[in-house]
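Structure record follows, encoded as structure tokens.
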Amino acid sequence: MLVLSALGAVDDRVRGLGWVATTISPKPFALVELVARLEALLRRPAESRETTLRAGPLELDLIGRTAKRGDRAIDLLPREFRLLEYMMQRCDQLLTRAMLLEEVWNYKFVPATNLVDVHMGRLRHKVDGPGETPMIHNVRWRRLHSRTGP
């Protein structure tokens, strides 16, 4: 829940977060900030009490911190588990490197790194065994640039 409030004092905002709100924006606010807060809220998955995530034959036990594909156990490192959990919670959403860096690694900026690529490669190798249908897919796109000329 996003609350727009005329009460701008820190104590008032903290009290509001303790009630129901997820984020509070004091008035007056910049429109660009409001849009950014709404986009951040929309990126969050719906609250769920599920303790097991499933996507096709892939199963992730959030309590036992275990993963398996069909009957095959998958040994995941903690960061790989968090990455897979984040992706499975948003399996119907296109995820960007920036989103993964922010939510899985807690980066507040997008560094020039291949960190996501390396972890995704390792995770793919573990999740997709020999002869199994790949479950993690890349979507590549090119930015379109308009040409201006004479």
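The table for this structure:
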read-out	value
Single unsatisfied condition, GLU132 versus (1) acidic (Asp, Glu); (2) closer than 29 Å to GLU39 by Cβ; (3) in a loop (DSSP other than H, G, I, E, B)	(2)
Per-region count, segment 78-111, residues out of contact with any Leu (no Cβ under 8 Å at 6 or more places or on another chain), open to solvent by less than 100 Å² (accessible area, probe 1.4 Å) and charged (D, E, K, R)	5
Pick from segment 19-41, criterion at pLDDT below 65, open to solvent by less than 70 Å² (accessible area, probe 1.4 Å) and not in a loop (DSSP other than H, G, I, E, B), ranking: farthest from LYS126 (Cα to Cα)	PRO26
Number of positions in segment 83-129 that are closer than 21 Å to ALA67 by Cα, in a helix (DSSP H, G or I) and not basic (Lys, Arg)	19
Segment 42-77, subset modelled with pLDDT of 90 or more, more than 16 Å from LEU123 (Cβ to Cβ) and among the β-branched types (Val, Ile, Thr), residue most open to solvent (accessible area, probe 1.4 Å)	ILE63
Pairs, first under 30 Å from LEU60 (Cβ atoms) in segment 129-150, second assigned to a loop (DSSP other than H, G, I, E, B) and modelled with pLDDT under 55, C-beta under 8 Å, six or more apart	none
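The values are calculated or read from the model by the stated rules, or taken from the named source; none is laboratory data. Please read all numbers here as calculations on a predicted model, not as lab measurements. Positions of Cβ are backbone-derived with ideal geometry, glycine not excepted, and every protein chain shown enters the neighbour counts. Accessible surface is based on the protein model in full, side chains and every heavy atom, while ligands, DNA and RNA are left aside. Shrake-Rupley method; radii C 1.70, N 1.55, O 1.52, S 1.80 Å.
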